[in-house]
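Let me begin by presenting the structure, written as structure tokens, before commenting on it.
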Amino acid sequence: MKYYIYESAVGPLTIAEENGILTNVCFGEWEYGEKEETPFLAEVWKQLQEYFAGQRKCFDLPLAPAGTEFQKKVWEALMTIPYGEVRTYGQIAAQIGNPKASRAVGMANYNNPIGIIIPCHRVIGADGKLTGYAGGMEKKEQLLHLEGTY
């Protein structure tokens with residue numbers, strides 16, 4: 001696994017890949033194997049810079065988030081939330097066919113290894129308020145402001 005740390009509009013981002021497939025985008029500085037800026041990591045960073053500049057609304061990258069089958073179902077559902085829109089935890093739970101799993105959806109969001117690209121920041125509480133975010137509430141608010149949704 002290779003990783004590189006970039007300074008972004010929301011602070012340091014650690015981006016990791018394995019064999020040209022994205023495995024992690026994490027807030028802060030982390031170590032995932034060997035620190036090396038590969039051409040693939042440079043492409044991920046380019047797409048993230050375009051996103052932060054308001055020029056990119058969708059990412060075109062191969063993803064391999066590590067998680068349980070349930071988590072992967074949640075993360076796939078998150079990928080269907082359009083740029084500039086939000087969904088509630090309950091809506092995501094219903095979308096994956098388990099309408100009583102709002103809390104479990106929240107935990108899957110918290111454990112999302114590919115932040116921003118798998119847009120867990122687009123999930124809000126049933127009352128329309130911002131709720132927990134592994135990257136911190138300030139970052140969640142920044143990302144939603146960037147997308148013009150909050």
Angle, helix 137-146 long axis vs. longest principal axis of the chain, Cα atoms, 0 to 90°, nearest 10?
90
Across the chain, where is the longest run that never hits trypsin sites (Lys or Arg not before Pro) in a DSSP loop with at most 14 other C-beta atoms within 10 Å?
1-56
Simple label model, 7 Å out from Cα along Cβ direction - residue 9 to residue 64, nm:
3.0
For residue 46, counting only lysines whose alpha-carbon sits under 19 Å away and dropping same-chain residues fewer than eight positions off, the answer is 2, 35, 57
Mean residue ellipticity (222 nm) of the chain, computed from DSSP H runs ≥ 4 via -39,500 (n - 2.57), nearest 500:
-10000 deg cm²/dmol
Inter-label distance for residue 34 and residue 18, nm, one decimal - labels placed 7 Å from Cα along Cα-to-Cβ:
1.6
Rounded to the nearest 10 degrees, the helix 39-52 long axis (Cα) sits at an angle to the longest Cα principal axis of the chain of 50
Would you calculate the separation in nanometres between label points at residue 104 and residue 76, each defined as 7 Å from the Cα along the Cα-to-beta-carbon direction?
1.5
Straight-line reach from residue 72: which lysines have a Cα under 20 Å away, not including same-chain ones fewer than 8 places off?
100
Using alpha-carbon coordinates, inclination of helix 69-78 to the longest axis of the chain, degrees
90
Dipole in debye (nearest 20) - the chain, about Cα centre, beta carbon charges: Lys, Arg +1; Asp, Glu -1:
680
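When the accessible area of segment 4-63 is split by element with a 1.4 Å probe, what percent falls to carbon and sulfur?
Of the solvent-accessible surface of segment 4-63, carbon and sulfur hold 47 percent.
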Checked against the positive end of the charge dipole of the chain (+1 on Cβ of Lys and Arg, -1 on Cβ of Asp and Glu, about the Cα centre), the farthest of 148, 9, 61 is 148
Quick one: grab the alpha carbon gyration tensor of segment 74-117, order the square roots of its eigenvalues as a ≥ b ≥ c, and give me rounded if a/c is under 1.5, else prolate or oblate depending on whether a/b is larger than b/c.
oblate
Along its principal axes, what span do the Cα atoms of the chain show, with the longest given first and each in whole Å?
42, 32, 23
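The values are calculated or read from the model by the stated rules, or taken from the named source; none is laboratory data. Just so it is clear, the structure is predicted and the values come from calculations on it, not from any experiment. So basically every Cβ, Gly included, is an ideal-geometry build from the backbone, and we count neighbours across all protein chains shown. Each accessible area value is taken on the protein alone, full model and side chains, heavy atoms only, with ligands, DNA and RNA left out. Shrake-Rupley method; radii C 1.70, N 1.55, O 1.52, S 1.80 Å.
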